[in-house]
Each structure stands twice: as structure tokens, then as C-alpha cells.
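Presented below is the structure to which this report refers.
The values are calculated or read from the model by the stated rules, or taken from the named source; none is laboratory data. Values in this document were obtained by computation on a predicted structure and should not be read as measured data. Don't worry about glycine lacking a Cβ; one is built from the backbone with ideal geometry, like all the others, and counts go over all protein chains shown. The area values use the complete protein model at the heavy-atom level, side chains included, leaving out ligands, DNA and RNA. Shrake-Rupley method; radii C 1.70, N 1.55, O 1.52, S 1.80 Å.
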Amino acid sequence: MNLITEDGIKKIIKSGESITDSELRLPLKSMLTPSAKSVLADHKLKLVLIDDDIEKNLTTSVMENAGVMAAKKIGKFNLESGGFLDEKPEHMTQLYGNLLVGKDHKRIKLRGEVDVLMGEIMKVQIRANELQLTDLVSDLQEVFDNIGELSRSEVLNEALVTSKILGFNQQEIRDMSHNPKKYFGHEHLFNITYELGEIPILLNSLRALIRKAEIACYEGFKLADGTVGRIDLIQGYNRLSSVMYIIIFKHLDH
């Protein structure tokens, strides 16, 4: 009797050699474990046991292929699904290390949003430099560098080390962004219009992109139970949104 386990049936299915018209053809004396039968059901395959005249050749083919698959447990690239590949397809990219995911993976989308954000910050820095707003160039560089720290933490799966931004800690940033009248002499900017001028509008656009990155971060690390795996990153992007709001007030008259 040939007892086939869940791992064994997965390797046989992966080979594809024993499957014809949604039927998995195995030797007559084959017996599957309950978990192996579950794998068959998941793949919508019907088990067909063939007679002894064919059994010898089929058994040899199936077992040889399973042996090859078992010997090759690790390829050049691992898949998030648990498989492996020796070559990276064009529609996939590396999440970290040699782990491949689709290019529409939510964490890859987050990285795309971050790339756009950092590119737009540099554009605004160029414009601020043309207007000789050196303080604004410096403020934006702090934001840029902080985004780099967030990105590094995400890519390397490292804990985020928080630091002050613009010389302010988290509580100070919260107080200033929640009370602009107290700190800057201006009410909240509920209705932003072009009349505020070029620089405030450009800065507000950056703030909107930071919010997009925050949402992408949430989607990238959202768990099935509604919690998130990297609350430190989400808090980091949320803090940057408040920082950008502060920067708008600092340069509201430009």
C-alpha cells in the first residue's frame, strides 16, 4: 500500500504529470491521508485509482517526480504562497530578501506611494530654493529623511526608532497641529483655496500624499481581525501629516 500524505499530494499535483481532465490518476493501492484528500478538494480534483497493469509505470513516474520535488525544497526565490521559483517573473518583485510577491501586493503599493511622495517633496524643495526659502528647504529635508527611515523600517522589517522632527516630540507636534491659533495665530485651514498662495498649496499637496501613504500603510499591514501588524509605521505617517500641517502654518505668508 502506498500512503500519500498532504505534503506528498501537493508535490504530485505540482508536477502535473498525473492530472488529466481534472482527474488525479494514482496507482490502485494508493491511500490518501485526510489532509491529502482536503488538498484534492481544494484543487477541485477527482481521485481515480488505476488498475495494476498501469500501476508499475505510473508509480515509478509519480515517485521519481515527487523525489525530485522533495529534493528541491528551496529555489532561488521563495513565494509567499509557500512555493518557490528559480527565475523571477516580470509580474513579480521582491518583498524582502528572496521572497517574491505580485507587483500589486499591498506593501509594494505602499512603496510606490512613498516613491511618489519623496519625488514630490524634492520638486517642492527645488521651488522653495528658487524662492530662497532656505528654512522651508530644511524643514522638507527633515520630512524627507524621516520618510526614508519609515521606508527602511518597512523594507527590512525592523522596529521604527522614533525621533524628533523640526525639534518637536510627538506630544508637541500634536499640540501645535491641534491648536494653530495658539501657536501660529491662524485658525484651522478647513477650506483651503488657491488664494493662500503657491507655497501653502504645494505643501498641502504634500500633506495629501502623506495621508495616501498612511492609508496604503494601513492596507499593507491590516490583519484579518481588523488589527494591524505595524502600528509604529502607521503612527509614523500620521505624525508626518501633522508635521506637514505645521509647516504649512510656518510658511503661510509666502
Query raised in the report: Is there a residue being open to solvent by less than 90 Å² (accessible area, probe 1.4 Å) and at pLDDT below 75 anywhere in region 104-118?
Result: no
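Is it true that residue 212 is open to solvent by 60 Å² or more (accessible area, probe 1.4 Å), more than 22 Å from residue 153 (Cα to Cα) and at pLDDT 90 or above?
For residue 212, the condition - open to solvent by 60 Å² or more (accessible area, probe 1.4 Å), more than 22 Å from residue 153 (Cα to Cα) and at pLDDT 90 or above - is not met.
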**Report entry** Residues (within 13 Å of residue 248 (Cα to Cα) and touching a Ser or Thr at 6+ places or on another chain (Cβ under 7 Å)) located in region 174-187
**Finding:** 177
Query raised in the report: Do we have residue 207 as open to solvent by 40 Å² or more (accessible area, probe 1.4 Å), closer than 19 Å to residue 174 by Cα, without any contact (Cβ under 8 Å) to a residue 40 or more places away in the chain and outside any loop (DSSP other than H, G, I, E, B) here?
Result: no
Report summary line: Apart from one, (1) surrounded by 12 or more Cβ atoms within 10 Å (Cβ to Cβ); (2) over 20 Å from the mean Cα position of the chain (by Cα); (3) among the hydroxyl-bearing types (Ser, Thr, Tyr) all hold for residue 218; the odd one out is (2)
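Return a yes/no flag: does region 232-244 have any residue that is open to solvent by less than 50 Å² (accessible area, probe 1.4 Å) and basic (Lys, Arg). Outline the logic, then answer.
We begin by selecting, within region 232-244, every residue open to solvent by less than 50 Å² (accessible area, probe 1.4 Å); these are 232-234, 236-237, 239-244.
Then keep just the ones that are basic (Lys, Arg); that gives 239.
Among the residues of region 232-244, at least one is open to solvent by less than 50 Å² (accessible area, probe 1.4 Å) and basic (Lys, Arg), which makes the answer yes.
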Query raised in the report: With (1) over 24 Å from residue 126 (Cβ atoms); (2) exposed (fewer than 12 other Cβ atoms within 10 Å of the Cβ) as the list, and residue 195 as the residue in question, which single condition is left unmet?
Result: (1)
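So which residues in region 221-231 are open to solvent by 60 Å² or more (accessible area, probe 1.4 Å) and among the basic types (Lys, Arg), if there are any at all? Walk me through how you get there before you give the answer.
Restricting attention to region 221-231, the residues satisfying the condition of being open to solvent by 60 Å² or more (accessible area, probe 1.4 Å) are 222-225, 227, 231.
If the condition is that a residue be open to solvent by 60 Å² or more (accessible area, probe 1.4 Å) and among the basic types (Lys, Arg), then 222 is the only one that fits.
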Report summary line: Taking region 223-254 and keeping only residues that are at pLDDT 90 or above and under 17 Å from the mean Cα position of the chain (by Cα), one is left with 231, 232, 233, 234, 235, 236, 237
